[in-house]
Amino acid sequence: GSIALFGAPEQIARGIKKQLRETTGLAASVGGGPNKFIAKIPWDLSKPDGLVLVEQSNVPDFLRDLPISRLWGVGPVTLERLERVGIRTVGELARFDERALRNALGASQSAHLSALAWGRDDRPVEPSRDANSIGHEETYPRDLTQLDELDRELVRLSDAVAGRLRRQGVAGRTATLKVRFA
């Protein structure tokens with residue numbers, strides 16, 4: 001129904017980005033694809049302020065050269081197991097012998113990762129689910145290099161997160177600081 005109301009996916013995405021920029025001054029990254037998994041990867045790759053849409057017909061080419069760590073469910077232990085058997089890219093996983101993959105990872109995980117390597121993901125999009133984390137990220141127009149600037153921003157961002165935690169009446173168990181270098 002969205003296409004009939006708002007146009008093609010790229011037109012919809014550009015409209016959302018434009019409206020968000022005009023109303024809040026914020027940039028948005030948009031990724032789209034035929035399922036939840038495929039949409040999330042281009043969203044990650046398009047940061048900051050990008051737009052990447054993957055058509056169903058382009059899924060194999062899009063996934064082929066991505067590092068295996070991009071797959072949902074590949075943490076440090078699984079990554080080590082996959083690398084031990086020579087799998088470093090999503091394309092290598094898609095072509096890997098199923099029996100050998102089951103031996104390396106077990107039946108459930110090998111089936112899950114194999115499906116993702118072929119771009120299959122039947123998980124529904126849940127637009128109204130409870131958040132399992134509360135955070136605040138910001139991309140600055142210039143690199144912050146002075147300790148006093150970094151300290152000030154860390155306090156400001158922490159305060160924003162703390163305010164959200166208090167409003168929702170919850171407490172956190174883990175604090176994570178992400179720093180991205182040029």
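Over the chain, DSSP H runs of length four or greater, each weighted -39,500 (n - 2.57), average out per residue to a 222 nm ellipticity of -15000 deg cm²/dmol. Helix 147-168 sits at what angle to the longest principal axis of the chain, using alpha carbons and giving 0 to 90 degrees rounded to 10? Roughly 80 degrees, rounded to the nearest 10. Cross-link reach is defined here as a Cα-Cα straight distance under 17 Å, omitting same-chain residues fewer than 8 places apart; for residue 178 the aspartates and glutamates meeting it are 44, 137, 138, 143, 149, 151, 153, 159. For residue 53, the residues 5 or more places off, or on other chains, whose built amide H falls under 5 Å of its own are 32. For the chain, find the longest principal axis of its Cα atoms and tell me its angle to the long axis of helix 9-24, 0 to 90°, nearest 10. The angle comes out at about 20 degrees. The aspartates and glutamates within cross-link reach of residue 36, meaning a Cα-to-Cα straight distance under 12 Å and a gap of 8 or more places when in the same chain, are 121, 122, 126.
Modelled spin labels at residue 40 and residue 175, positioned 7 Å past Cα toward Cβ, are 2.7 nm from each other. A simple spin-label model places pseudo-atoms 7 Å from Cα toward Cβ; at residue 61 and residue 103 they are separated by 3.5 nm. For Cα extents along the principal axes in Å, pick the label among (1) 53, 44, 35; (2) 68, 35, 34; (3) 89, 29, 26 that corresponds to the value derived from the coordinates. Computing Cα extents along the principal axes in Å and matching it to (1) 53, 44, 35; (2) 68, 35, 34; (3) 89, 29, 26 gives (1). Share of carbon and sulfur in the accessible area of region 1-145 stands at 51%, probe radius 1.4 Å.
Protein heavy-atom accessible surface, 1.4 Å probe, per residue over the chain: 72 Å². At R0 = 41 Å, how high is the FRET efficiency between residue 24 and residue 146 if r is their beta carbon distance? Nearest 0.05 is fine. So, using R0 = 41 Å, E works out to roughly 0.90.
The values are calculated or read from the model by the stated rules, or taken from the named source; none is laboratory data. This is a predicted model, so every value here is computed, not measured. Positions of Cβ are generated from backbone atoms using ideal geometry, with glycine treated the same way; all protein chains shown enter the neighbour counts. Note: accessible area is taken over every heavy atom of the protein model, side chains too, but ligands, DNA and RNA are not part of it. Shrake-Rupley method; radii C 1.70, N 1.55, O 1.52, S 1.80 Å.
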